[in-house]
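Chemist: Below you'll find the structure I mean.
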Amino acid sequence: MPSDHVQSVRRPAPGAETPAGGGAAPPDGGAEAPFLELLARGAPAAAFEQPVQLARAGNRPAERVAALEHARLLALRVRAELEGRRRREAELSALFETAHDLAGLRDLDAVLPAIVQRARSLLGTDVAYLTLNDPARGDTYMRVTEGSVAARFQQLRLGMGEGLGGLVAQTARPYVTDDYFKDARFQHTGTIDEGVQDEGLVAILGVPLMLGAQVIGVLFAADRRARVFEREQIALLGSFAALAAAAIDSAHLLTETRTALARLERANEIIRDRSAVIERASDVHDRLAELVLRGGQVHDVAAAVSQVLAGTVEFTEAAAAPAGPLEASRAEGHAVRHGDDWVAAVTAGGELLGALVLRGHGHLDPVDQRTLERAAMVTSLLLLARRSAAEAEQRVRGELLDDLLDARDRDPRLLRERATRLSADLDATHVVLAARLDAPAADAGQAADARRRLWSAASHLAATRQGLASARDGGTVLLLPLRRGCTATELARQSARHLGAAVHEAVTVGASAPAGDLAARPGTATAAYAEARRCLEVLRLLGRTGDGAAAEDFGFLGLLLAGERDIAGFVERTIGRVMAYDEQRGTDLIRTLEAYFACGMSPVRTKDELHVHVNTVAQRLERVGRLLGGDWQTPARVLEIQLALRLHRLASPAPR
């Protein structure tokens, strides 16, 4: 704000002195009451005009108006004094708080932003920032900003004597400008002016950060409009600059002390580490031996070695491990370094099973390296044992499913007992799924390998879902329990996505309708498998490779695919909502639909057939549309609806 305005706020005009200052007593002693109330509630300065204006508007005596005007000036002076005291208290409080922060200084990056933020808040500026000198480059650079929005401004570097900040850093004196671009007292450069222009700054105040007689940086407060900074504000920013300089000096001393202590601690650590090497080697040997004896898993080995090596050890499949280091470790028989990681190949009989990877250990002493290699050896033994057990279980699950499909073992009791040992329940509702890879293989060997991978993935899925799986007819067949709230279609699609992700190729899955009591009803599983294969072939003929579906997804074609021809299910899925509406409300929408199709989908002919008004026909057809969906009159839907109506009529008892 202009300086003459600042002065008018701080000092009353001549002739408006209070009695305490030697002026005349106010004409009316009761005129101060409304102003005392305004002062008590902290009203803004503009509110103090209202009592005088009301008196003038009410044609009050001139003496009363003069008394009110006198009281107003006194109240404004008191208000200005109170505001000044509050401002000074806030400034002192901020300085005390900042000094308190410095007393517990641990991180310079936390203290300096607090100083800049408080400086901006107390001075009421748009932006505050702090620069530090760089002795190596002979310039000063932006260190902390508050309120800045321009990236180029935040990355500025100022040469000594360049810009207002460079002038402050060079002369060790505060400088202030109420219009930066019109001020010729300092050297303007294109880079600095562009940064200031990007930020939109106009008025800038800069004070030096001093350590003794040395300038180490500059603290700034700036506005995006013309402004005159008062002497008290310059002094306040200087106080913050002194605190910032003290913080920087304390941080440097603390850093030097910490560095010296760290060197001493490092020397002690080396001694302790050497003595702990033998203990770690013995500890890891005991842990790995215990894991093998109690049948531990691969992740148990990784967790144990992570604790011993004080790092993160992970088992990685061969395909996901870094190829170069993995092959080098396999060839050398030792763990090899890969960046900040260490890789130890997990092999068995020349077969590469994966790798143990120690993350983020740039340096590994020989004892710890041998520990990682020993863990890789134990991991290979556990993987071989797990593979053997999994293959045995897969064979048993496959044999049981083969018996269900081929009906070789018709004794329900024996079938249930075999299923129970595999955590399967043949009395539950199941869905038979036929799965097949769709990507053509380059040769017979690759095709056989792809089928093995599909069977392995299907066996794993069956084991986790308490089902069965077997390789059959060039693909894989699964028997999975149908969980509550899930349909055969959803199960088929989930299985297609799961198997495709596991083998990294498109897998198409056809599903049967849900079937139950498989042990007691020989041939049920066989019929369901045949239905699943028909769905699979339809999917492939339709070009929907990599998808999953059941017979219910193909509309009336599902009647041809389904093993037991689920006519009632087809009718219910197609026009069930219309049938239910008629039954609940006593309407005749089904008969209206039959007449509508019989009359060539003509509402006019339909109303004659039903002997009703054409508007009644339109209303009924509109209701049908809301029940069946907006596309119910498309050719494909019309065909299905007419077939469902015909089947519904055939299944209904003939009228007597």
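The values are calculated or read from the model by the stated rules, or taken from the named source; none is laboratory data. Nothing here was measured: the structure is a model prediction, and the numbers come from that model. Note that we place each Cβ from the backbone using ideal geometry, even for glycine, and neighbour counts take in every protein chain shown.
Chemist: If you go through region 35-48, how many residues are in a helix (DSSP H, G or I) and either of a type in the set (A, V, I, L, M) or free of Cβ contacts under 8 Å to residues at least 24 places away in the same chain (or both)?
Modeler: The total comes to 8.
Chemist: Could you tell me which residue of region 529-545 is surrounded by the most Cβ atoms within 10 Å (Cβ to Cβ), considering only residues that are assigned to a helix (DSSP H, G or I) and free of Cβ contacts under 8 Å to residues at least 60 places away in the same chain? So that I can check it myself, show each step before the final result.
Modeler: In the first step, residues of region 529-545 are kept if they are assigned to a helix (DSSP H, G or I); the result is 529-541.
Cutting the leftovers down to free of Cβ contacts under 8 Å to residues at least 60 places away in the same chain gives us 530, 534, 537-539, 541.
Working: ALA530: 15, ARG534: 21, GLU537: 15, VAL538: 19, LEU539: 25, LEU541: 8.
Selected residue: LEU539.
Chemist: Further question on the same structure: Starting from region 162-190, keep only residues that are touching a residue at least 60 places away in the same chain (Cβ under 8 Å), then list their pairs with residues that are outside any loop (DSSP other than H, G, I, E, B) and of a type outside the set (S, T, N, Q) whose Cβ atoms are within a distance under 7 Å, requiring at least 6 positions of separation or different chains.
Modeler: Sorted first by the residue in region 162-190, then by its partner, the pairs are PRO174/VAL168; PRO174/GLY206; PRO174/VAL207; PRO174/PRO208; PRO174/ILE234; PRO174/GLY238.
Chemist: Of all residues being closer than 17 Å to THR379 by Cβ and among the charged types (D, E, K, R) in region 339-355, which is modelled with the lowest pLDDT? Just the residue, please.
Modeler: GLU351
Chemist: Turning to a different aspect of this structure: Given the options ALA303, ALA319, ALA335, name the one that is modelled with pLDDT under 80 and among the aliphatic types (A, V, I, L, M).
Modeler: ALA319 is the lone residue from the list that is modelled with pLDDT under 80 and among the aliphatic types (A, V, I, L, M).
Chemist: Are any of the residues in region 447-461 of a type outside the set (Phe, Trp, Tyr), outside any helix (DSSP H, G or I) and either over 25 Å from ALA520 (Cα atoms) or in the same structural domain as ALA527 (by TED's automatic domain parsing) (or both)?
Modeler: Looking for residues that are of a type outside the set (Phe, Trp, Tyr), outside any helix (DSSP H, G or I) and either over 25 Å from ALA520 (Cα atoms) or in the same structural domain as ALA527 (by TED's automatic domain parsing) (or both), one finds none in region 447-461, hence no.
Chemist: Continuing with the same structure: Counting only residues that are out of contact with any strand residue (DSSP E or B) (no Cβ under 6 Å at 6 or more places or on another chain) and β-branched (Val, Ile, Thr), which one in region 416-466 is nearest to ALA550 (Cα to Cα)?
Modeler: Filtering first and then ranking leaves THR429.
Chemist: Pick from LEU358, LEU326: which is closer than 19 Å to MET377 by Cβ, outside any helix (DSSP H, G or I) and either modelled with pLDDT of 80 or more or under 34 Å from the mean Cα position of the chain (by Cα) (or both)?
Modeler: Unique residue meeting the criteria: LEU358.
Chemist: Right, another one. Could you tell me how many of the residues in region 308-323 are touching a residue at least 12 places away in the same chain (Cβ under 8 Å) and assigned to a helix (DSSP H, G or I)?
Modeler: Residues meeting the conditions: 2.
Chemist: Looking at region 120-131, can you tell me whether even one residue there is within 39 Å of the chain's Cα centre (by Cα), surrounded by fewer than 22 Cβ atoms within 10 Å (Cβ to Cβ) and farther than 22 Å from ILE234 by Cβ?
Modeler: no
Chemist: Scan region 414-434 and report the pairs whose first residue is over 14 Å from ASP517 (Cα atoms) and among the acidic types (Asp, Glu) and whose second residue is part of a strand (DSSP E or B) and modelled with pLDDT under 80, with Cβ atoms within less than 8 Å and a gap of 6+ or a chain change.
Modeler: Note: no pairs meet the criteria.
Chemist: Tell me the helices (runs of 4 or more DSSP H) entirely within region 589-639 that contain at least 1 residues that are touching a Pro at 6+ places or on another chain (Cβ under 6 Å) and not charged (D, E, K, R).
Modeler: Where helices (runs of 4 or more DSSP H) fall fully within region 589-639 and carry at least 1 residues being touching a Pro at 6+ places or on another chain (Cβ under 6 Å) and not charged (D, E, K, R), they are 614-628.
Chemist: Something else now. Go through region 498-528 and give me each residue that's within 13 Å of GLY475 (Cβ to Cβ) and either crowded, with 23+ Cβ neighbours inside 10 Å or not assigned by TED's automatic domain parsing to the domain that holds CYS486 (or both).
Modeler: Those that are within 13 Å of GLY475 (Cβ to Cβ) and either crowded, with 23+ Cβ neighbours inside 10 Å or not assigned by TED's automatic domain parsing to the domain that holds CYS486 (or both): LEU499, VAL507, THR508, VAL509, GLY510.
Chemist: Report yes if some residue within region 419-436 is touching a Lys or Arg at 6+ places or on another chain (Cβ under 9 Å), outside any helix (DSSP H, G or I) and either modelled with pLDDT under 75 or not assigned by TED's automatic domain parsing to the domain that holds ALA530 (or both); otherwise report no.
Modeler: Taking every residue of region 419-436 in turn, none turns out to be touching a Lys or Arg at 6+ places or on another chain (Cβ under 9 Å), outside any helix (DSSP H, G or I) and either modelled with pLDDT under 75 or not assigned by TED's automatic domain parsing to the domain that holds ALA530 (or both).
Chemist: If you don't mind, there's one more thing I want to ask. Kindly check whether there is at least one residue in region 633-648 that is of a type in the set (Gly, Ala, Ser) and modelled with pLDDT under 90.
Modeler: yes
Chemist: Right, another one. Using beta carbons and a limit of 8 Å, which pairs, at least six apart or on different chains, have the first residue in region 327-340 and closer than 11 Å to GLN369 by Cβ and the second one aromatic (Phe, Trp, Tyr)?
Modeler: Close Cβ pairs (under 8 Å, with a partner that is aromatic (Phe, Trp, Tyr)) amount to ALA335/TRP342; VAL336/TRP342.
Chemist: Return the pair list, or none, for Cβ contacts closer than 6 Å from residues in region 67-84 that are of a type in the set (Gly, Ala, Ser) to residues that are assigned to a helix (DSSP H, G or I), at least 6 apart or on different chains.
Modeler: ALA71/PHE35; ALA75/PHE35; ALA75/LEU39; ALA75/PHE48
Chemist: Can you tell which of GLY600, GLY555, GLY546 is modelled with pLDDT under 75 and either not assigned by TED's automatic domain parsing to the domain that holds GLN633 or not hydrophobic (A, V, I, L, M, F, W, C) (or both)?
Modeler: Exactly one of GLY600, GLY555, GLY546 is modelled with pLDDT under 75 and either not assigned by TED's automatic domain parsing to the domain that holds GLN633 or not hydrophobic (A, V, I, L, M, F, W, C) (or both), namely GLY555.
Chemist: Of the conditions (1) modelled with pLDDT under 80; (2) buried (at least 20 other Cβ atoms within 10 Å of the Cβ); (3) not assigned by TED's automatic domain parsing to the domain that holds LEU209, PHE96 clears all except one; give me its number.
Modeler: (2)
Chemist: Collect the residues in region 464-506 that are closer than 17 Å to ASP402 by Cβ, among the small types (Gly, Ala, Ser) and at pLDDT 85 or above, keeping them in residue-number order.
Modeler: GLY467, ALA469, SER470, ALA471, GLY475 - these are the residues of region 464-506 that are closer than 17 Å to ASP402 by Cβ, among the small types (Gly, Ala, Ser) and at pLDDT 85 or above.
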